[in-house]
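Q: Sharing a structure here in structure tokens format.
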Protein chains: 2
Amino acid sequence: MTDEFEDTLSIREMCDTFEVTPRTLRFYEAKELLFPHRVGTRRLFTRRDRARLKLILRGKRFGFQLEEIRQLLDMYDRDDSQIAQLSKTYEIAKDRLADMERQRDELDEAIADLREQLKWGARVLGAQKTAHTADQARK
Amino acid sequence: MTDEFEDTLSIREMCDTFEVTPRTLRFYEAKELLFPHRVGTRRLFTRRDRARLKLILRGKRFGFQLEEIRQLLDMYDRDDSQIAQLSKTYEIAKDRLADMERQRDELDEAIADLREQLKWGARVLGAQKTAHTADQARK
DNA sequence: ACGTCTCTTGACGTTAACGTAAAGCCATTC
DNA sequence: GAATGGCTTTACGTTAACGTCAAGAGACGT
């Protein structure tokens, strides 16, 4: 009764707001990442859903998988006093950070490597052939 | 006749040399990236196959897809005089490099972002709750 | 002849995160 | 009351690069 006029969004409004497809929102609901209300058969996304979706998208940017995100999100929903869980969250995040840094370092290596190849002309994958083909390729 | 005793490797020797599985080599052959000889039904990988595999693996490190790698490899196999193709190779590689740099930049952003979150305690995905939960999580 | 080893060819399974129909309900609006 | 428009569920399709059996052939040693 207090929230009879809770401000909610239709699926389309959600999509427009967050630039996702309806399929995506339904998928997230199926995976229990979102819990929109229903009016008849229609979904109504609450403020809470919006907050969650924002976090989901941020999690994705971080490279978390949906299942990991769901777990993290669920922790916050549980009793606030389960601090042990929070520190676990912390560790998961640090692991992810380490992963990302490893990835970036590999990428950096590969980039440097590829740059080096490009410097030598068109022999990108190391094709041997003759030197003049490379020269000509450079025009 | 001249290469009756061409030095070749069995599939197992190839696998050990390049740290790949037999499945992988057969897969590459199916995708026309490798062309091992046959003796009866057995595969014999020639020097050429070894060179190609080396380039394939390098290509993968660069983030090329197998199909792209196949195309690049094929160019080198065609007439040496098709210089136009070579410069196309060059462009493909430059595009890939640009992709990789974009990826890395995004990753850098995400990393910085995540680091920032970690600085603020356990609220990794931005969970709001109370400040003390985060404090306690920091111990 | 028998067992063992290495290799072969199918051919289906895996994973993530949705895409893409197909078919139907409900509320307007003409 | 028919056509629309928006939404629904169900369910199969997609993609890459292999993994993972299953069943069988060939060679080799005893």
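This table checks each residue for (1) open to solvent by 20 Å² or more (accessible area, probe 1.4 Å); (2) in the same structural domain as B:Glu6 (by TED's automatic domain parsing); (3) modelled with pLDDT of 95 or more.
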site	(1), (2), (3)
B:Arg23	yes, yes, yes
B:Phe27	yes, yes, yes
B:Pro36	no, yes, yes
B:Arg42	yes, yes, yes
B:Leu53	no, yes, yes
B:Gln85	yes, no, no
B:Ile92	yes, no, no
B:Arg96	yes, no, no
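Q: Just a yes or no: is a residue in region A:2-14 under 26 Å from B:Glu109 (Cβ atoms) and touching a strand residue (DSSP E or B) at 6+ places or on another chain (Cβ under 7 Å)?
A: yes
Q: In region B:45-62, how many are in contact (Cβ under 8 Å) with a residue 40 or more places away in the chain and away from DNA strand C (no atom under 15 Å from the Cβ)?
A: Looking only at that region, the number is 2.
Q: Now for a different question. Could you list, in sequence order, the residues of region A:7-21 that are surrounded by fewer than 15 Cβ atoms within 10 Å (Cβ to Cβ) and part of a helix (DSSP H, G or I)?
A: Selection gives A:Arg12, A:Glu13, A:Asp16, A:Thr17.
Q: Can you give me the number of residues within region B:69-83 that are at pLDDT 85 or above and more than 10 Å from every other protein chain (Cβ to nearest Cβ)?
A: Counting residues in region B:69-83 that are at pLDDT 85 or above and more than 10 Å from every other protein chain (Cβ to nearest Cβ) gives 2.
Q: Still on this structure, I have one more. Could you say which residue among B:Arg23, B:Arg42, B:Arg38 is more than 14 Å from chain A (Cβ to nearest Cβ), within 27 Å of B:Gln65 (Cβ to Cβ) and within 8 Å of DNA strand C (Cβ to nearest atom)?
A: B:Arg23
Q: Can you tell me how many residues within region B:63-79 are within 16 Å of DNA strand C (Cβ to nearest atom) and among the β-branched types (Val, Ile, Thr)?
A: Matching residues across region B:63-79 total 0.
The values are calculated or read from the model by the stated rules, or taken from the named source; none is laboratory data. From a predicted model like this one, the values you see are computed outputs, not experimental measurements. All Cβ positions, glycine included, derive from the backbone under ideal geometry; neighbour counts span all protein chains shown. Ligands, DNA and RNA are stripped out before the accessible areas are found, and what is left, the full protein with its side chains, is counted by its heavy atoms. Shrake-Rupley method; radii C 1.70, N 1.55, O 1.52, S 1.80 Å.
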